[in-house]
Amino acid sequence: MRISVIGSGYVGTTLAACFADLGHEVVNVDIDEEVVATINRGEPPIHEEGLPERVARHVTETGRLRATTDYDDVLETEATFVALPTPSRDDGSIDLSIMEAGTEQLGETLSTKEGWHTVVVKSTVVPGTTQDLIAPTVAAASGKALGEEIGVGMNPEFLREGTAVADFLEPDKVVLGADDDRTLADLRTVYEPLTERVDTAVVETGTREAEMMKYANNAFLAAKVSLINDLGNICKELGVDTYEVADAMGLDDRITRAFLDSGLGWGGSCFPKDVAAIVAAARDEGYEPPMLNAAVEVNDLMPARLLSLLDDHVDVDGKQVALLGLAFKPGTDDVRNTRSAALVRGLTDRGADVVAHDPAAVERMRASFPELDFAVADSPAEALDGAHACIVATAWPDYSALDDEFDAMAHPLVLDGRHCLEPRDGIVYEGLTW
Ligand code: UGA
C-alpha cells in the first residue's frame, strides 16, 4: 500500500520506518526541513533502537521510505496516518490546535484527490476527538463526504521509548478503530503484512473505543505502579521487602509481575500526560476519578519519601550529594517528568550541593530544567568522590556494577530509588520501599 505519515517525531518516524519494513511505500511529511533532510540522508531524526538501520535501508536500498515538506505528496498515497504532537495545557487537558491545523491542511490537500482516501489518527487523543473534531475538519476542508469519499479512523500506538521498533513489530495487540467499513478494510490492509507474520490479537472497534483503549492501557499501568508503590510505602514502614512481596504477587496470573517494580515512580511523556488528560476529560464531564487522582498522588509522593529517608540519616546542608540518573528511565535521554527534577529541588532546598551523573540525559536536563541548580560529573565515581550521600534515581545498568567507587564518599550513605544496587560491606544502604 502507499502510505503517508504526517509528523516525524518519535511516533511518526518509527511508524514510517516500520511500515516500510512491512513492504509499504511510505512518504513521511514534516514541516521541519532539517528533519526531512536528515531522513532523506537515511538517518532517523530521533534516537531509537532499531531505527538507524531501518531508515538507512528503506531510504537508500529499498527506496520505500522518503520524507518531504510538501503536503501534496499525500495525493500519491491511499492512506494518511497523522502523528502530530498534542501538548499538555496547564489543566492537564491536551492542546489539539496542531492536530486541527494539520488535519485541515491535509483536508485541503485531499480536496483535489480523485477517489477514496483513508485518514488515520495515530496521536493519543481523548475519546470523541476523531469523530467530533478530526473527521468533520477533514471532511469540511476536503469537501468530501465522510464514509463515501473519505474515511477517518483511529489506530493507537503502544510503543515504549527505547523498544518502540520491537513493540511495533511484535505487538501484543493491534487496535483498529473505524466508524465505517471501508476505513476498517484499509486499516486491515495496512496491518496485514504484520498480522500475517506474527501471532497478535487484532481488535476491531469504533474510534471512540480505540481512543479510550490507549488511555485505559496507560492509566492502568501507571496505577499499577502507584499501587505497588503505595503498598511499598506500607512495607517500608513495617520492615517488609516490597520486591519479595511483588515477586510472589506476580506469580498470580491474574496480576503478573510486569509493572510491579516499586521505586521513585513514573515519569516520561506518556503516563503523566495521559493520566492528566483523561482525568481532565472526565472532570470536564463532571466526574472526578478517585483512583487515577490517587495514582498521581502516590507518584508525586515518592521523591519526597526518598528525601525523608535521607533526612533520617544525614543533614546535607552545605554537603555534596551524588545524584545518579537524570533520564526518566534507563536507555533514553528523555527527561520529561523525570523524578530527578523533584529530587534536585528537594536537595537544593536542604542546602545540598548536588553533583549529578547520567550517561545520556545531562544536556536535555540542562535545557529542560534551566532553573535547577546542580553540577555535572563525567562519571559516577566523580559524583561519589567526597559525597555525604548518594541517591540512585535511574536504573542504568552501569550503576548496578558500582562497588569500590563508594569508598571515596565522605559518608557512605546510599539511597536506592530503583532497586538496582546490592547492599555491600562499607556502605549504609537504604532501599526506598525495601
Ligand atoms: C509507556 C507505555 O508503556 C507504552 O505502552 C505507551 O505506548 C507509551 O507509554 C506511550 O503512551 O507512548 P514509556 O513511557 O516509554 O511507555 O515507558 P515505560 O517503560 O512504560 O515506563 C513508564 C514509567 O514507569 C517510567 O518512568 C518507569 O521507570 C516507570 N515504571 C515502569 C516503574 O516505576 N515501575 C515499573 O514496574 C514499570
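Do the conditions hold for ALA295, that is, is it outside any loop (DSSP other than H, G, I, E, B) and either among the aromatic types (Phe, Trp, Tyr) or open to solvent by less than 30 Å² (accessible area, probe 1.4 Å) (or both)? So ALA295 passes the test.
Looking across segment 176-213, the residues that are open to solvent by less than 40 Å² (accessible area, probe 1.4 Å), within 22 Å of GLY50 (Cβ to Cβ) and either outside any helix (DSSP H, G or I) or of a type in the set (Lys, Arg) (or both) come down to VAL198, THR200. Checked against the criterion of being over 28 Å from VAL202 (Cβ atoms) and away from the ligand (no atom under 16 Å from the Cβ), the candidates GLU61, GLU76 yield just one match: GLU61.
Would you mind finding the one in GLY162, GLY151, GLY232 that is open to solvent by less than 50 Å² (accessible area, probe 1.4 Å), more than 20 Å from the chain's Cα centre (by Cα), within 14 Å of the ligand (Cβ to nearest atom) and not acidic (Asp, Glu)? Let's see the steps before the verdict.
Values: GLY162 fails: more than 20 Å from the chain's Cα centre (by Cα); GLY151 fails: within 14 Å of the ligand (Cβ to nearest atom).
When all the criteria are applied, what remains is GLY232.
Only a single item in (1) open to solvent by less than 50 Å² (accessible area, probe 1.4 Å); (2) away from the ligand (no atom under 12 Å from the Cβ) is not met by THR242, and it is number (2). Anything in segment 30-44 that is surrounded by 22 or more Cβ atoms within 10 Å (Cβ to Cβ) and either assigned to a loop (DSSP other than H, G, I, E, B) or out of contact with any Leu (no Cβ under 9 Å at 6 or more places or on another chain) (or both)? List them, or say none. ASP30, PRO44, listed by residue number.
Residues that are within 18 Å of THR112 (Cβ to Cβ), surrounded by fewer than 22 Cβ atoms within 10 Å (Cβ to Cβ) and touching a Lys or Arg at 6+ places or on another chain (Cβ under 9 Å) within segment 127-146 comprise just one, LYS144.
Looking at segment 298-319, which of its residues are in a helix (DSSP H, G or I) and either exposed (fewer than 11 other Cβ atoms within 10 Å of the Cβ) or out of contact with any strand residue (DSSP E or B) (no Cβ under 9 Å at 6 or more places or on another chain) (or both)? Selection gives VAL298, ASN299, ASP300, LEU301, MET302, PRO303, ALA304, ARG305, SER308, ASP311, ASP312.
For segment 252-285, which positions are open to solvent by 70 Å² or more (accessible area, probe 1.4 Å) and more than 12 Å from the ligand (Cβ to nearest atom)? Of everything in segment 252-285, those that are open to solvent by 70 Å² or more (accessible area, probe 1.4 Å) and more than 12 Å from the ligand (Cβ to nearest atom) turn out to be ASP253, ARG254, ARG283, ASP284, GLU285.
For THR112, the test of being within 28 Å of ASP72 (Cβ to Cβ), more than 13 Å from the ligand (Cβ to nearest atom), outside any helix (DSSP H, G or I) and open to solvent by 20 Å² or more (accessible area, probe 1.4 Å) is passed.
A quick yes/no check of all residues on (1) touching a strand residue (DSSP E or B) at 6+ places or on another chain (Cβ under 6 Å); (2) under 30 Å from GLY50 (Cα atoms); (3) not assigned by TED's automatic domain parsing to the domain that holds TYR10:
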residue: ALA327; (1), (2), (3): no, yes, yes
residue: ARG350; (1), (2), (3): no, no, yes
residue: SER368; (1), (2), (3): no, yes, yes
residue: ALA377; (1), (2), (3): yes, yes, yes
residue: PRO380; (1), (2), (3): yes, yes, yes
residue: LEU384; (1), (2), (3): yes, no, yes
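A count restricted to segment 325-362 and to residues that are in contact with a Leu (Cβ under 8 Å, 6 or more places away or on another chain), part of a helix (DSSP H, G or I) and either open to solvent by less than 20 Å² (accessible area, probe 1.4 Å) or without any contact (Cβ under 8 Å) to a residue 40 or more places away in the chain (or both) stands at 9.
Scanning segment 45-102 for residues that are at pLDDT below 95 and either assigned to a helix (DSSP H, G or I) or open to solvent by 60 Å² or more (accessible area, probe 1.4 Å) (or both) yields HIS47, GLU49. Restricting ALA381, ALA367, ALA389 to those that are over 29 Å from the mean Cα position of the chain (by Cα), on the phi < 0 side of the Ramachandran plot and surrounded by fewer than 17 Cβ atoms within 10 Å (Cβ to Cβ) reduces the list to ALA381.
Annotation note: of GLY318, GLY232, GLY265, the sole residue that is of a type outside the set (Phe, Trp, Tyr), touching a helix residue (DSSP H, G or I) at 6+ places or on another chain (Cβ under 6 Å) and on the phi > 0 side of the Ramachandran plot is GLY265.
The residues of segment 172-216 that are within 16 Å of the ligand (Cβ to nearest atom) and in contact with a strand residue (DSSP E or B) (Cβ under 9 Å, 6 or more places away or on another chain), listed by number, are ASP172, LYS173, VAL174, VAL175, GLY177, THR200, ALA201, VAL203, ALA210, GLU211, MET213, LYS214. Within segment 130-137, the presence of at least one residue that is away from the ligand (no atom under 13 Å from the Cβ) and either closer than 30 Å to PRO330 by Cα or among the hydroxyl-bearing types (Ser, Thr, Tyr) (or both) is confirmed. Of all the residues in segment 2-29, those that are crowded, with 24+ Cβ neighbours inside 10 Å and either free of Cβ contacts under 8 Å to residues at least 24 places away in the same chain or among the aromatic types (Phe, Trp, Tyr) (or both) number 1.
The values are calculated or read from the model by the stated rules, or taken from the named source; none is laboratory data. Every value quoted in this text rests on a predicted model; they were computed, and no experiment measured them. In this analysis, Cβ positions are derived from the backbone assuming ideal geometry, glycine residues included, and neighbour counts consider all displayed protein chains. Heavy atoms of the whole protein, side chains included, go into the accessibility calculation; ligands, DNA and RNA do not. Shrake-Rupley method; radii C 1.70, N 1.55, O 1.52, S 1.80 Å.
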